[in-house]
Every structure is written in C-alpha cells, then in structure tokens.
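Peer 1: Below you will find the structure I want to go over with you.
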Amino acid sequence: MLVAKDRPTTNTHLVAWVDEMAKMCKPDQVYWVDGSDAEAKALTAEAVATGVLTPLNPQKRPGSFYSRSDPNDVARTEELTFVCTPTKEEAGPTNNWMEPAETYAKLAAIYDGAMRGRTMYVIPYVMGTPESPFAMIGVEITDSIYVVLNMRIMARIGKLALDRLGESNSFNRGLHSVADCDPQRRYICHFPQDDTIWSVGSGYGGNALLGKKCLALRIASYLANDEGWLAEHMMLAEAESPEGETHFIAGAFPSACGKTNLAMLIPPDALAGWKIRTIGDDIAWMRVGDDGRLYAVNPEFGFFGVAPGTNYHTNPNAMRMLERDAFFTNVALTEDNDVWWEGIDGEVPERLTDWRGRPWTKGSREYAAHPNSRFTVQMKNSPALSRFTEDPKGVPISAILFGGRRSTTVPLVLQSFNWPHGVYLGATAGSETTAAITGTIGVIRRDPMAMLAFCGYDMGTYFGHWLEMSKHIPDPPKIFIVNWFRKDAAGKFLWPGYGENMRVLEWIIGRATGGAGAIETPVGWAPRPGDLDLTGLDLAPERLTAALRVDPDEWASELGTHADWFAKLGGTVPAALELQRKLLLTSVEAAG
Ligand code: GTP
Ligand code: SPV
Ligand code: MN
C-alpha cells in the first residue's frame with residue numbers, strides 16, 4: 001500500500017476541509033495524490049494486487065487493464081441524482097431536489113466511518129488546461145483506487161492543480177465514497193451554492209469521476225448561467241476542408257447517441273479530402289470571444305466511451321487509441337485475456353468470460369459485454385487529435401448540432417431559421433433512451449440540448465439563458481438538428497451513419513459559411529438529395545428521400561407533444577418558445 005506522505009500544500013482552506021472529511025469518514029490513512037508517473041505505477045500495482053484491476057494480455061494490449069463493477073452499478077442513476085439548491089424552484093421540475101441541510105445530514109450518516117480500513121485519496125484536479133482562463137479547480141476525495149486511476153485519465157490531476165490553486169479558497173469540494181455500494185444508500189448530490197458535490201454508494205463513471213458530469217456540467221452550467229457562458233454536453237471537432245480551411249463544430253447528443261463517434265469520424269473515400277480531428281467527445285465550455293464569435297474548450301483530459309458497437313469499421317480512430325494504455329470496464333474477456341464486446345471486429349469467439357465473470361458460450365442470448373460497458377483512455381492516445389485541443393482560449397464554433405435517437409419524424413438534418421428557432425429545436429429535442437442510464441430502454445423522452453440529466457438548475461431558466469446568449473454573440477454559430485437513427489418500416493436504419501455522416505457535416509459547414517443549397521420546409525432548411533455529395537454512397541434514392549423527409553402530419557403531432565413538454569416544465573419556459581411552436585404549427589398545417 002502507498003504510504004501517506006506529508007501534505008503537499010499549505011492551503012489552509014483545503015487542509016481544513018480534508019481534515020473535516022477525514023474526521024467524518026474515518027479512513028486508516030489520508031493519501032494526497034501528486035499525479036506523477038511513479039505514483040500511477042505504484043497505484044496500478046496495488047490495484048492489480050488487490051484484484052481491482054486485471055492486466056490484459058501485454059502482447060495484444062500493452063499497458064491496459066480490465067475491471068468489473070458490481071452488477072448493480074453499471075450506469076448513471078438519474079433517480080438518485082439530486083440538485084440541492086435552497087429552494088426546489090431553483091432546481092426546477094427536471095431535477096430531483098432535496099433540501100441542502102437535510103441532505104448533508106442524511107449523507108453524513110452514510111459517510112460516517114465509511115472509509116474504515118481504507119485509504120482516503122485526495123485528488124486535486126483541473127478541468128481545462130491549467131493556463132486557460134476557463135479552467136476550474138476541483139478536489140475529489142475518494143476511497144476508490146479505481147476512481148483515482150480513472151481521474152488520472154479523465155482530468156489533469158495532482159501537483160499542477162495545487163500550484164494553480166495556491167492559497168485560494170476557490171475550488172470545488174467533491175467527496176466520494178463507494179461505501180457499501182448499496183443502491184438503497186446511493187446518492188449523487190450537488191450543492192451549487194456551496195460549489196460542493198457529495199457522491200456515495202457508486203463507483204460508476206458519471207457518478208464517481210466528479211470532475212465530469214457533476215462539476216463540468218451540473219455545477220458549471222449553474223455558474224455559466226450567472227456568468228454569461230455555456231457549459232454543455234457536446235462533442236467538439238475540427239473539420240479541415242479539401243481547400244485547407246478549418247471549421248469547428250459542436251454537437252449535443254444524449255448519452256450513447258453518437259458524440260464520440262462523430263468527434264472521431266473518418267470520411268468515406270469519396271470525401272477523403274476532408275479531415276476530422278477530435279477536440280472533445282463529451283463536454284464543451286463556450287464563451288464569447290473578443291471577435292464576437294463563440295469559443296469552445298474541452299475541459300477533459302481523456303475519453304470515457306461506450307465500447308459496444310465500436311470496431312475498425314465504425315470508429316477506427318477509437319480502436320487505434322484503445323490498442324494500448326487503456327482501461328476497460330464491464331466488457332467481456334477472451335480466452336487469451338483480451339477484451340471483447342458486441343459489435344467488435346471479427347468472428348464471435350466460441351467462449352468468453354462475460355462482464356459478470358461467468359463463462360459465456362457463442363449463441364448465448366445474454367450479452368457478453370454490458371451494453372454500457374466503457375473504456376477510459378487519455379486524449380493523447382487518439383491518432384486524430386486536433387492541434388487546437390489544448391488551446392487555452394478555445395476554438396471558434398461555426399455550427400452547433402443538436403441530435404438524438406429518433407426512429408421516426410426527425411429528418412437526417414435540418415438547419416434552423418435563426419438562433420431562437422435553433423434554441424427551440426434544441427429545447428424540444430427528444431431521444432429514445434439507452435443503456436447509459438438505468439431504467440427502460442427505447443422510450444422517447446425529451447432531452448433538451450442533451451442536458452436533461454446535466455443541467456444544474458431550472459430548465460425553463462436554462463432555455464432563457466440560451467435565448468439571452470445570442471444578444472452577446474455578434475457572430476453566432478448556425479444551429480442544426482441531426483438524426484442518424486431514423487428507421488424504415490422494417491426497423492432498419494435508413495442512413496448508414498458513422499463515416500458517411502461526413503456528407504451531412506459537409507452540408508452543414510456549407511450552410512454555415514454560405515455555400516450549400518437547401519429547400520425551406522415548414523420546420524427548417526433541409527438539403528435536397530442533390531445538395532449532398534453522394535459520390536460513392538451505396539444507398540437507394542428512396543431511402544435517402546425517406547431519411548430527409550419532413551412529414552407535416554408527423555410534425556403536427558410532434559409539435560403537439562412539445563406543448564405537453566413545455567407545460568411540464570412550468571412557468572419559466574420563455575414565452576418566445578411557445579410563440580415559436582405556434583408559428584411552426586401554422587407552417588406545418590399550411591403544408592399538410
Ligand atoms: P456518452 O459517452 O454516453 O455521452 O455517448 P456518446 O454520445 O459519445 O455516444 P457514442 O459515440 O459512444 O455512440 C453510442 C452508440 O451509438 C454506439 O453503440 C455507436 O455504435 C452508435 N452510433 C454512433 N454513431 C452512429 C451512427 O451514425 N449511426 C448509428 N446507427 N449508430 C451510431
Ligand atoms: C453519459 O452518460 O453521457 C456519459 C457517461 O458520458 S457518464 O460519464 O457516466 O455520464
Ligand atoms: Mn456523455
């Protein structure tokens with residue numbers, strides 16, 4: 001076991017808080033994480049020795065490790081996630097709410113003595129590059145070595161964070177304990193006014209790596225509303241055109257709906273003049289720059305991605321970055337100690353060990369890998385990382401995409417008429433639920449801007465903030481919606497997706513810069529088939545038409561459900577959005 005050294009800081013605010021948390025959790029020792037490679041090596045060895053990590057076959061996947069979670073702890077638990085503002089109204093109707101003082105007391109009872117026999121790790125970290133004015137500092141206290149090793153992948157941790165913090169009291173206080181991993185005693189609680197997060201009872205990604213969803217989205221979105229910027233659940237990509245022009249795109253899709261895949265896209269041969277490079281795959285912080293454009297940074301340091309469905313055809317860049325120095329959680333294991341998941345390349349093996357550690361044989365009706373099994377890997381492993389990734393001032397965004405998983409109604413792509421209309425399309429976006437959250441899969445739920453689970457305050461107020469932002473962005477990005485997931489009557493995807501999405505991106509960039517053609521539909525600008533570069537695309541014309549189609553009847557009923565959605569959100573939804581809805585309904589009815 002790593003033995004605690006002296007405290008590496010004289011910051012009295014930090015020391016007092018850590019002492020207070022230690023008094024409550026009663027660990028055997030307190031270990032301050034310095035973030036060095038030597039330390040990571042020692043921690044990894046300890047995680048292997050204690051069975052938390054299993055080394056993978058060093059010939060096939062050098063430097064890589066496997067871990068299996070408690071079967072009850074495999075996805076984010078939204079029903080156990082709370083925004084603890086002084087009033088329920090501040091958290092709004094889409095967040096679970098508990099009163100702050102009661103919540104602290106309730107969780108303190110669970111934390112009390114929860115770290116007995118364990119080490120309490122203190123992880124100082126920075127979200128963003130340390131030199132960026134956007135950067136946010138957090139300190140996560142955890143009793144999970146798995147969390148320490150994954151935080152090292154997902155955030156910049158250790159000494160550099162303490163150096164940036166200095167003697168300041170301005171840091172997010174994050175307390176995490178797996179405790180007894182009991183779903184009955186699992187809470188992920190946010191106290192935006194206190195810049196504090198208390199998470200207990202889960203070791204899963206978004207519940208336990210507090211820099212990610214808890215700080216960089218829920219707490220950050222709350223601050224962004226006060227301070228006039230945006231903290232969003234968006235991927236960020238650089239697109240270089242065949243002519244050598246660079247454009248930047250941000251895209252908000254709900255969990256497990258294609259952000260990582262889009263950020264790592266490789267264009268098909270016919271569009272090989274285009275290059276897509278990754279800046280981020282999950283979170284974007286956006287501020288107005290001096291030139292009046294909207295600038296975005298990715299505050300993370302790594303990728304925490306969905307494994308199933310990833311292969312050398314759908315996402316070659318992801319497969320290449322996973323060839324070494326990667327962590328895998330809840331995938332299946334092959335007989336020669338490599339990873340396997342549904343949809344990976346090659347033949348299905350005869351025998352595997354499934355995500356629960358049980359023998360699995362080919363033909364079994366159970367998943368070998370959990371549908372939300374994941375990988376964690378540092379960004380620097382990506383073979384297609386953008387050189388702008390670490391730029392402290394961020395990149396100017398040309399287009400914002402809102403997407404989701406919709407079998408019907410929503411076309412492949414639409415451009416909004418203007419910013420408020422784009423905000424409307426984002427605010428009403430729906431998606432069929434996935435395995436990334438616990439609960440029923442495949443039901444449509446509204447997931448505005450893909451932020452339903454991540455907005456740290458009232459949703460109607462958040463829409464108002466989006467509308468308000470345009471006043472401060474003289475040269476705003478154009479807003480689009482996309483849907484890679486529309487299906488035919490037989491339930492097959494109409495659009496091939498993945499690399500072929502480059503054809504849609506090219507049109508989007510063309511629209512944002514004024515080049516590409518479009519027709520006006522009642523609900524937005526759409527490409528005619530001839531407006532897309534279809535060279536080399538093996539797709540029946542009627543399938544493309546069906547993917548692009550705006551059906552007035554479908555949209556009339558869609559717009560009807562938007563009224564219910566706004567009603568559910570209560571009185572804080574800006575009147576401008578209801579006016580947008582009525583206008584759109586008028587246009588749709590005129591077309592129908
Ligand atoms: P989070 O990490 O949960 O936020 O997810 P994400 O939005 O990054 O989703 P990701 O790119 O990991 O994709 C999730 C699933 O969608 C995978 O199983 C992909 O194979 C599938 N997927 C991604 N892009 C496409 C696409 O263009 N078409 C189709 N049919 N499936 C896609
Ligand atoms: C998501 O669910 O949107 C994720 C995974 O990106 S987690 O970090 O667990 O939230
Ligand atoms: Mn996500």
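Peer 1: By how many nm would the segment from PHE493 to LYS159 lengthen if fully extended, with 0.36 nm per residue of separation less the alpha-carbon distance?
Peer 2: So the extension gain works out to 115.4 nm.
Peer 1: Please give the net charge around ALA109, taking every other residue with its beta carbon less than 12 angstrom from that of ALA109, where Lys and Arg add +1 and Asp and Glu add -1.
Peer 2: Its environment carries a net charge of 0.
Peer 1: Let me ask something else. Enumerate the whole-percent occupancy of each 5 Å bin, from 0 to the last occupied one, for all C-alpha pair distances of the stretch 314-372.
Peer 2: 4, 18, 30, 26, 14, 7, 0
Peer 1: Could you calculate the FRET efficiency of ASP475 with LYS26 from 1/(1 + (r/R0)^6), where r is the beta carbon distance between them and R0 is 56 Å, rounded to 0.05? List each step's numbers first, then the result.
Peer 2: Details: r = 55 Å, r/R0 = 0.98.
So the FRET efficiency works out to roughly 0.55.
Peer 1: With viscosity set to 1.002 mPa s and temperature to 20 °C, compute the Stokes-Einstein D of the stretch 95-242, Rh being the Kirkwood radius across alpha carbon pairs; µm²/s, no decimals. Each step should come with its number before you reach the end.
Peer 2: On the way: Rh = 16.1 Å.
Taking Rh from Cα pairs, D becomes 133 µm²/s.
Peer 1: Which of the trypsin sites (Lys or Arg not before Pro) found in the stretch 235-336 are in a DSSP loop and have at most 13 neighbouring Cβ atoms, other than their own, within 10 Å?
Peer 2: On the way: sites: LYS259, LYS275, ARG277, ARG287, ARG293, ARG320, ARG324; in loops: ARG293, ARG324.
For trypsin sites (Lys or Arg not before Pro) across the stretch 235-336 that sit outside H, G, I, E and B with at most 13 neighbouring Cβ atoms in 10 Å, the list is empty.
Peer 1: Follow-up. Starting with the highest mean, order 67-75, 534-542, 435-443 by the number of other Cβ atoms within 10 Å, averaged over the residues of each peptide.
Peer 2: 67-75, 435-443, 534-542
Peer 1: Continuing with this model, one more query. So how far apart, in nm, are the two label points at ASP325 and THR87 if each is 7 Å from Cα heading toward Cβ?
Peer 2: Placing both labels 7 Å beyond Cα along the Cβ direction yields 5.0 nm.
Peer 1: Based solely on its DSSP helices, what 222 nm [θ] is calculated for the chain when runs of n ≥ 4 H residues each add -39,500 (n - 2.57) and the sum is averaged over all residues, nearest 500 deg cm²/dmol?
Peer 2: Result for the chain, helices only: -8000 deg cm²/dmol.
Peer 1: Separate question: How many percent of the accessible area of the stretch 442-488 is carbon or sulfur, using a 1.4 Å probe?
Peer 2: Values: 780 of 1410 Å².
Carbon plus sulfur share of accessible area: 55 percent.
Peer 1: Calculate how large, on average over all directions, the projected area of the Cα convex hull of the stretch 171-299 is; give the answer in nm² to one decimal.
Peer 2: In nm², the orientation-averaged hull projection of the stretch 171-299 is 10.0.
Peer 1: For the stretch 524-592 and the stretch 341-383, compute the distance between their C-alpha centroids and round to whole Å.
Peer 2: Spelled out, the Cα-based centre of one part sits 37 Å from the other.
Peer 1: Next question, about the same structure. Calculate, for ASP269 and ARG528, the FRET efficiency according to 1/(1 + (r/R0)^6) with r their C-beta to C-beta distance and R0 25 Å; round to the nearest 0.05.
Peer 2: Efficiency computed from Cβ-Cβ geometry: 0.60.
Peer 1: Right, next: Quick one: order TRP565, TRP525 from most to least accessible surface, probe 1.4 Å.
Peer 2: Solvent-accessible surface, decreasing: TRP525, TRP565.
Peer 1: Whenever you get a sec, compute what percent of the accessible area on the stretch 50-134 sits on carbon and sulfur atoms (1.4 Å probe).
Peer 2: 56
Peer 1: For the stretch 206-255, run through the GluC sites (Glu not before Pro) and keep only the ones in DSSP coil with at most 11 other Cβ atoms within 10 Å of their Cβ.
Peer 2: GLU243, GLU245
Peer 1: A follow-up question, please. Would you kindly state how much longer the chain becomes between GLU131 and ALA108 on full extension, computed as 0.36 nm times their sequence separation minus their alpha carbon distance, in nm to one decimal?
Peer 2: 4.7 nm
Peer 1: What is the helix-to-structure angle for 552-569, meaning the angle in degrees between its Cα long axis and the longest Cα principal axis of the chain, kept from 0 to 90 and rounded to the nearest 10?
Peer 2: Roughly 40 degrees, rounded to the nearest 10.
Peer 1: Something else: Can I get the semi-axes of the stretch 301-344's equivalent ellipsoid? Compute them from the C-alpha gyration tensor as square roots of 5 times the eigenvalues, in angstrom, largest first.
Peer 2: Calculated on Cα positions only, the semi-axes equal 16, 13, 10 Å.
Peer 1: Could you please state how large a percent of the accessible area of the stretch 191-297 is carbon and sulfur, counting protein chains only and using a 1.4 Å probe?
Peer 2: Carbon and sulfur together cover 42 percent of it.
Peer 1: Per residue, how many Å² of accessible area does the stretch 170-209 show with a 1.4 Å probe?
Peer 2: Value for the stretch 170-209: 24 Å² per residue.
Peer 1: Mind running the shape call on the stretch 180-249? Use the C-alpha gyration tensor, a ≥ b ≥ c as the square roots of the eigenvalues: rounded below 1.5 for a/c, prolate if a/b tops b/c, oblate otherwise.
Peer 2: Here the stretch 180-249 falls in the oblate category.
Peer 1: What residues qualify as long-range amide H neighbours of ASN172, i.e. H under 5 Å apart, gap of 5 or more or another chain, H built at 1.01 Å from N?
Peer 2: Here ILE137, GLY138, VAL139 satisfy the definition.
Peer 1: Turning to a different aspect of this structure: Can you give the extra length, in nm with one decimal, that the chain gains between LYS568 and THR246 once fully stretched, where that is 0.36 nm per residue apart less the Cα-Cα distance? Don't jump to the answer; show the numbers that get you there.
Peer 2: Values: separation 322, 0.36 × 322 = 115.92 nm, distance 4.13 nm.
111.8 nm is the gain from fully extending LYS568 to THR246.
Peer 1: As an exercise, identify the trypsin sites (Lys or Arg not before Pro) in the stretch 1-56 lying in DSSP coil whose Cβ has no more than 11 other Cβ atoms within 10 Å.
Peer 2: Working: sites: LYS5, LYS23, LYS41; in loops: LYS5.
Those that pass, being in a loop and sparsely packed, are LYS5.
Peer 1: Given that compact globular proteins tend to follow 2.2 N^0.38 Å, what is the ratio of the alpha-carbon Rg of the stretch 354-411 to that value?
Peer 2: Rg over 2.2 N^0.38 Å, computed on Cα atoms: 1.90.
Peer 1: Take the cross-link list LYS26/LYS212; LYS362/LYS492; LYS213/LYS259; LYS60/LYS275; LYS5/LYS26 and give me the ones stretching past 20 Å between alpha-carbons.
Peer 2: Violating the 20 Å Cα-Cα cut-off are LYS26/LYS212; LYS362/LYS492; LYS60/LYS275.
Peer 1: Something else: Which whole-number value in Å² is the accessible area per residue of the stretch 416-492, probe 1.4 Å? Don't jump to the answer; show the numbers that get you there.
Peer 2: Working: 2510 Å² over 77 residues.
Per residue, the stretch 416-492 has an accessible area of 33 Å².
Peer 1: Could you pull out which residues in the stretch 91-120 have an amide N less than 15 Å from a spot 7 Å beyond the Cα of ALA49, following the Cα-Cβ vector?
Peer 2: The answer is 119, whose backbone nitrogens lie closer than 15 Å to the label point.
Peer 1: Keeping all protein chains in position, work out how much accessible area ASP226 exposes to a 1.4 Å probe, and write it in Å² to the nearest 10.
Peer 2: Only protein atoms counted, so the area is about 110 Å².
Peer 1: At 7 Å along the Cα-to-beta-carbon direction for both ASN57 and ALA556, put a label point, then send me their distance in nm to one decimal.
Peer 2: If labels sit at ASN57 and ALA556, their model points lie 5.9 nm apart.
Peer 1: Which values of log₁₀ I(q)/I(0), to two decimal places, follow from the Debye formula for the chain at q = 0.06, 0.07, 0.10 Å⁻¹ with a uniform point scatterer at every Cα?
Peer 2: The Cα Debye sum returns log10 ratios of -0.30, -0.41, -0.85.
The values are calculated or read from the model by the stated rules, or taken from the named source; none is laboratory data. From a predicted model like this one, the values you see are computed outputs, not experimental measurements. Every residue, glycine as well, gets a Cβ built from its backbone with ideal geometry; the counts of neighbours run over all protein chains shown. What goes into the accessible areas is simple: the full protein's heavy atoms, side chains included, and nothing from ligands, DNA or RNA. Shrake-Rupley method; radii C 1.70, N 1.55, O 1.52, S 1.80 Å.
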